[in-house]
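The values are calculated or read from the model by the stated rules, or taken from the named source; none is laboratory data. Since this is a predicted model, take the numbers as computed values, not measurements. For neighbour counting, all protein chains shown are included, and Cβ atoms are generated from backbone atoms with ideal geometry for every residue, glycine included. For accessibility, only protein heavy atoms count, side chains too; no ligands or nucleic acids. Shrake-Rupley method; radii C 1.70, N 1.55, O 1.52, S 1.80 Å.
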Amino acid sequence: MKNPRQTGHGPRGASRPLDRYAVFGNPVAHSRSPQIHAAFARATGERLRYEPRLAPLDGFAEAVRQFISGREGCAKGANVTAPFKEEAFRLADERTPRALVAGAVNTLCFQDGRILGDNTDGAGLARDITENLAFSAAGGRILLLGAGGAARGVVEALLAFSPAALVIANRGADKAKALASAFAGERLAPRGMGFAALAGEPAFDLVINATSASLAGEALPLPDGIFAAESLAYDLMYGKGETPFLAQARKGGAARRADGLGMLVEQAAESFFVWRGKRPEAATRRSLMRQLRDT
Ligand code: NDP
């Protein structure tokens, strides 16, 4: 399969039908991805159409096939959001190394009748933390809360920060232990545990909430002393106002706090790069983050 970045695009293709992209989810109406990719296309001069596609809970693969075989324009790729990331992984004919590590796919490329599956969540989180938030976790202690699809997708990116320790804690301790053991062969073996076992741990420099507790408006049962004054607390969830986890981090003394809006834009920029071979500039990405924050 050719690298999708090597396909020709741009002004010379102006007479061709628009390349088509979509985001598949259920629900999907809330997705900011169409707005983000339209802004990226404008900023980079790429001609494409990007639309939300509601897939039936039992009909993801069929919805993707229908999109690919649609007669209008040429379907080139798609994003995949909850609850279909694992199904997208199984649907792909080929998977990138980072998708294989994550066991989940959020980016599909359609080429020569085949489907390539990728995962840009880890790269998006890493770029938001290191570039937008200018935070370094090298040599520090990282705590990852949650052991679901999003947590699995970011472990490798967190290990690439070269921390001194990576602890994965989850409501169900067994799931945290299983996720940690999946990375046991890495240069630093993560440790998995339940929330209560965090009580004996020294404070963490970077605490990432990859649970969906904030979605339910719930704080996590974390023991005192998890956050240090200089810690960065990062909630993958984003939305209007402070999330329950970030309120908890503020009360726990973490001076630096961020929600997942930056990751959302950065994982989209990474998908755009995979599809079009162009990365929207930092100024474009940051102004988009501000716009999304205001709407
Ligand atoms: P999953 O359903 O795969 O995993 C959910 C995780 O949250 C599990 O670890 C689960 O624990 C835990 N959990 C759920 N409810 C609670 C609760 N009330 N208290 C404690 N733990 C809880 O979801 P994802 O991993 O796909 O998504 C997690 C979050 O990340 C979502 O909020 C999602 O919106 C966000 N996200 C943000 C992205 C971004 O770009 N900013 C990208 C991807 C995800 P258990 O195993 O015990 O059930």
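Listed values, structure above:
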item: Answer from Asn132, Asn209 - the residue that is among the polar types (S, T, N, Q), more than 10 Å from the ligand (Cβ to nearest atom) and surrounded by 17 or more Cβ atoms within 10 Å (Cβ to Cβ); result: Asn132
item: Which listed residue, of Ala268, Ala254, is within 17 Å of Ala123 (Cβ to Cβ) and open to solvent by less than 30 Å² (accessible area, probe 1.4 Å); result: Ala268
item: Subset of region 156-188 [free of Cβ contacts under 8 Å to residues at least 40 places away in the same chain and either in contact with a Cys (Cβ under 6 Å, 6 or more places away or on another chain) or in a helix (DSSP H, G or I) (or both)]; result: Ala157, Leu159, Ala173, Asp174, Lys175, Ala176, Lys177, Ala178, Leu179, Ala180, Ser181, Ala182
item: Counted residues, region 220-240 - those being open to solvent by 60 Å² or more (accessible area, probe 1.4 Å) and either more than 9 Å from the ligand (Cβ to nearest atom) or of a type in the set (Gly, Ala, Ser) (or both); result: 4
item: Pro190 in contact with a helix residue (DSSP H, G or I) (Cβ under 9 Å, 6 or more places away or on another chain) and either within 15 Å of the ligand (Cβ to nearest atom) or assigned by TED's automatic domain parsing to the domain that holds Ile142 (or both); result: yes
item: Output for region 97-129, where each listed residue is surrounded by fewer than 24 Cβ atoms within 10 Å (Cβ to Cβ) and either more than 16 Å from the ligand (Cβ to nearest atom) or of a type in the set (Phe, Trp, Tyr) (or both); result: Pro97, Leu100, Phe110, Gln111, Asp112, Gly113, Arg114, Ile115, Leu116
item: Any hit, region 77-89, residues being over 17 Å from the mean Cα position of the chain (by Cα) and over 18 Å from Leu264 (Cβ atoms); result: no
item: Flag for Glu87 being surrounded by fewer than 20 Cβ atoms within 10 Å (Cβ to Cβ) and touching a Phe, Trp or Tyr at 6+ places or on another chain (Cβ under 6 Å); result: yes
item: Residue satisfying all of: in region 141-152; more than 9 Å from the ligand (Cβ to nearest atom) and open to solvent by less than 10 Å² (accessible area, probe 1.4 Å); nearest to the chain's Cα centre (by Cα) among these; result: Leu144
item: Flag for Gly277 being closer than 25 Å to Glu201 by Cα, modelled with pLDDT of 95 or more and out of contact with any Cys (no Cβ under 7 Å at 6 or more places or on another chain); result: no
item: Candidates Tyr234, Tyr238, filtered to the one that is outside any helix (DSSP H, G or I) and closer than 19 Å to Pro34 by Cβ; result: Tyr238
item: Boolean, Ala82 is out of contact with any Phe, Trp or Tyr (no Cβ under 8 Å at 6 or more places or on another chain), open to solvent by less than 40 Å² (accessible area, probe 1.4 Å) and within 13 Å of the ligand (Cβ to nearest atom); result: no
